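Report on the following structure.
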Amino acid sequence: MKDFFRSLFKKLKFNPFAKKGHVKLGLYGPPNGGKSTLANRVCQDWLGEEMFSSVSHIAHETREIKIKEQVSIKNKKGKELTFSLVDTPGIATKIDYEDFIKKGIKKDDAKKRAKEATKGVIDAIKWLDNMDAVVVVLDGTIDPYSQVNITIMGNLQARNIPVLVAVNKIDLKKASIDVVKTAFPQYEVVGISAKFGKGMEEFYEQLFGLVK
């Protein structure tokens with residue numbers, strides 16, 4: 001399965017944006033890291049409205065690519081950065097409908113959800129080749145040394161895509177920014193709580209260095 005996803009990362013080509021110079025900022029990471037919560041936070045902060053990305057405690061709530069065009073942010077110096085924000089489904093190496101049944105979802109719905117989630121993973125990988133920069137959103141309470149995280153980081157590095165690692169859920173006691181920094185020392189790491197807005201000012205400042 002690991003080799004299958006590595007192959008997809010390398011082979012799939014896709015061009016969802018025809019306009020050159022159009023900055024695409026992708027939110028990537030494993031399921032339930034907080035990508036959609038972060039997408040909603042960014043849009044609420046700068047556009048006054050959510051991205052309409054639904055969130056849930058059940059994995060793979062986001063199963064389709066969602067885009068918010070023309071998101072403009074400003075830093076302390078008044079410099080402006082405009083980009084398309086791309087919220088992607090969580091990357092996983094295994095999607096089993098039985099896992100959804102365990103969460104209380106009926107069998108038919110669970111199978112449908114698993115099928116949609118699998119397609120969402122493939123779509124997310126397709127879009128990766130067109131990202132100008134990527135924010136990898138990780139749950140700070142979970143060990144970052146996972147097969148999925150290492151696969152994502154390895155493929156981003158191979159593509160030379162600028163990466164910012166956002167360690168989410170730092171409002172929780174179990175969260176550890178230092179563990180993530182040790183796991184991925186090659187990247188800038190910022191701690192945030194997308195849900196409560198903690199650390200967002202530093203996060204936005206880091207985006208200016210990420211998207212050039």
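Remarks
- For beta carbons closer than 9 Å, sequence separation of 6+ or different chains, a first residue in segment 159-182 that is farther than 18 Å from SER146 by Cβ and crowded, with 20+ Cβ neighbours inside 10 Å and a second that is of a type in the set (Lys, Arg) and modelled with pLDDT of 95 or more, the qualifying pairs are ILE170/LYS198.
- If the condition is being closer than 18 Å to GLN206 by Cβ and in contact with a Cys (Cβ under 9 Å, 6 or more places away or on another chain), then segment 66-86 contributes VAL71, LEU85.
- Qualifying residues in segment 80-97 (those that are in contact with a Phe, Trp or Tyr (Cβ under 9 Å, 6 or more places away or on another chain) and at pLDDT 90 or above) - the one surrounded by the fewest Cβ atoms within 10 Å (Cβ to Cβ): LEU81
- Segment 191-203, residues that are out of contact with any helix residue (DSSP H, G or I) (no Cβ under 8 Å at 6 or more places or on another chain) and within 14 Å of VAL165 (Cα to Cα): SER193, GLY199, GLU202, PHE203
- Filter result (farther than 30 Å from LYS24 by Cβ, of a type outside the set (A, V, I, L, M) and modelled with pLDDT of 70 or more) within segment 98-149: LYS106, LYS107, ASP108, ASP109, LYS111
- Some residue of segment 153-161 being more than 15 Å from the chain's Cα centre (by Cα), over 16 Å from LEU38 (Cβ atoms) and in a loop (DSSP other than H, G, I, E, B): yes
- Pairs linking a residue in segment 125-147 that is on the phi < 0 side of the Ramachandran plot and outside any helix (DSSP H, G or I) to a residue that is among the basic types (Lys, Arg) and modelled with pLDDT under 85, with Cβ atoms under 6 Å and 6 or more positions apart or on different chains, are ASP129/LYS13.
- Here segment 169-212 is the region considered, the condition is being under 25 Å from ALA158 (Cβ atoms) and assigned to a loop (DSSP other than H, G, I, E, B), and the residue that is modelled with the lowest pLDDT is LYS212.
The values are calculated or read from the model by the stated rules, or taken from the named source; none is laboratory data. It should be emphasised that the depicted structure is a prediction, and the values quoted were computed from it without experimental measurement. Backbone-built Cβ (ideal geometry, glycine too); neighbour counts: all protein chains shown.
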